[in-house]
Structure formats: C-alpha cells, structure tokens
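What follows draws every value from the coordinates through simple rules; no lab data is involved. Just so we're clear, the structure is a prediction, and the values are computed from it rather than from any experiment. Positions of Cβ are generated from backbone atoms using ideal geometry, with glycine treated the same way; all protein chains shown enter the neighbour counts.
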C-alpha cells in the first residue's frame, strides 16, 4: 500500500519549497530588471526637466535634447556651487541623512517637508558665451494627500517663470490632480517670482481667477478649482524653495556672478 501523501509534514515541505522557489524567481527578476528601472527613472527625470524648460523636439531623443542642459549642485546655505556630496546622490535619501540633510523647524517648514537636503541639484541652460538662458530647479512640498515633486524653470533673468510641472503626487483626480492639466500649467509662463526683494518671493495662487489688468497680477496664478488645500500647498512649496531657506541665496549669488 502506498504511503499517504496528504500528511502535514509533506504539505509543509511542498509549501516551503514553493515559497523558496518563488522568492528566488522574484529576487532574480528584481536584480535583472534593476538597470532598466534605473535607466527609465533617469529618462523620466530628464523628460520632466525638459518639459518644465519648454524644450521639445519630436525629431530628437530625450538624451539628445538633454545635452544642452548642465547639471550642477548647490549648497543651499552658502548659495554656492559645490561637488555632489556622494556618488549617485539622491536628494530624498540625503534629506534624512544626519550628515547630508537637516530637520526643519515648524516656522521654517511652510512646505511641510520636515527634512531638507543641504545640497540640491540645479539644471542650467547656457548660451555659447556662458550666460545663463534658463535655470531649472527641483521643488517639492505637501498638498492635500501627498508630497508633490516637480521642477520650476526660470528665464535667464532668474525671475520670470518658464514653466512648472509635477512628476509625482497623489492628489485627487479632477481636483488637486489638476496640477497636471496643461491648461493650468499654461498659466505659469511669464509670471514673476520676486518683486523688489529677491529673497522674498511674491508669487502665489489666488481664488477666483486672476485679472490680468489688476495690480501685481504678474505675481498671481489661478488657484485650482475646488482644491483649496492643494493650491495652498503649491503656493507654500514655491515660496519655500524660492525663499531664503531654498534657492534665493544661490539665485542672488548667480545674479552677482558669485555662485
């Protein structure tokens, strides 16, 4: 008579073997796909930087277009160019690293990011004579449900907005998620970030629409309809990153030729 194959021991053995085999397959797939995932992530980053800068040419690849952009790193405290702190520098990881980032106080943290990297990447488009044509700056801050990550591009005057785009967020579709709407993004080009004080940004979102003939309309952008908290979050993150705790010291140094 054959032995019983339905014993608890044999069932556990088969279950464990299946778990081990599945784990090996999943791990092997993760290792094999890692280079492709990294490459796709880098391609997405470049695509979003180009989009914020208003650079598009269907006849060229993203990598070809990105050749006109120079990546530099900036120490936010000094506002000076520095070398990347470590190889494969990751801003999100750096923000929570005691050596590479710092925790923000409540009064400082208007963007609700809690931690900030001490060094940030910036992306420059320069003319043949070395003058800055555009600067693309990474920005992020909390909306209603999520942290919004994006890029803000400025003209060579370091004040006029070229474009704003977010590449990662979890805001409500049809409400806060309208930050992805091309019509809303089209309201940003030509807006001004600073008034007379280039360390204190004036740009902000307003309810009810912006009257182009109204005073200081160049500092105002239409808020997202029905998404007050997301709109407030966008205002706060822009004002944080363009303020004294963000890129303002760097931009002032760049204006003075001292970066």
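Would you kindly work out the equivalent ellipsoid of segment 23-72 from its C-alpha gyration tensor and give its semi-axes, the square roots of five times the eigenvalues, largest first in whole Å?
Semi-axis lengths for segment 23-72 are 30, 11, 9 Å.
Mind checking the full-extension length gain between residue 25 and residue 207? Use 0.36 nm per residue of separation minus the Cα-Cα distance, one decimal, nm.
Extra length from residue 25 to residue 207 when fully extended: 60.2 nm.
Ranked by Cβ crowding within 10 angstrom, fewest neighbours first, how are 184, 145, 241 ordered?
Going from least to most buried by this count: 145, 184, 241.
Can you show me the helix-derived [θ] at 222 nm for the chain, built from DSSP H runs with n ≥ 4 at -39,500 (n - 2.57) apiece and divided by the number of residues, rounded to the nearest 500.
-10000 deg cm²/dmol
Please work out the Cα center distance from segment 156-219 to segment 137-151, rounded to the nearest Å.
The two parts, judged by their Cα centres, are 14 Å apart.
Counting only DSSP beta bridges with both residues in segment 119-226, tell me the antiparallel percent, nearest 5.
Percent antiparallel among DSSP bridges in segment 119-226 is about 90.
Pick from 190, 128, 54 the residue whose mean-square fluctuation is largest in a GNM of the chain, springs joining Cα atoms under 10 Å.
128
Dividing the Cα convex hull volume of segment 78-182 by residue count, how many Å³ per residue is that?
Enclosed volume per residue, from the Cα hull, is 144 Å³.
Quickly work out the residue 71-to-residue 198 label distance, labels modelled 7 Å from Cα along the C-beta direction, and quote it in nm with one decimal.
The two pseudo-label positions are separated by 2.7 nm.
Taking R0 as 25 Å, what FRET efficiency do you get between residue 225 and residue 145 from their Cβ-Cβ distance, rounded to the nearest 0.05?
Given R0 = 25 Å and the Cβ-Cβ separation, E is 0.90.
Using a Förster distance of 22 angstrom, determine the FRET efficiency expected from the C-beta separation of residue 78 and residue 183, and round it to 0.05.
0.05
Taking the chain as a Gaussian network, Cα atoms linked when under 10 Å apart, which of 222, 129, 157 shows the biggest mean-square fluctuation?
Fluctuation is largest for 129.
Take the Cβ-Cβ distance between residue 103 and residue 15 as r, set R0 to 41 Å, and report the resulting FRET efficiency rounded to the nearest 0.05.
The pair residue 103/residue 15 has a calculated efficiency of 0.35.
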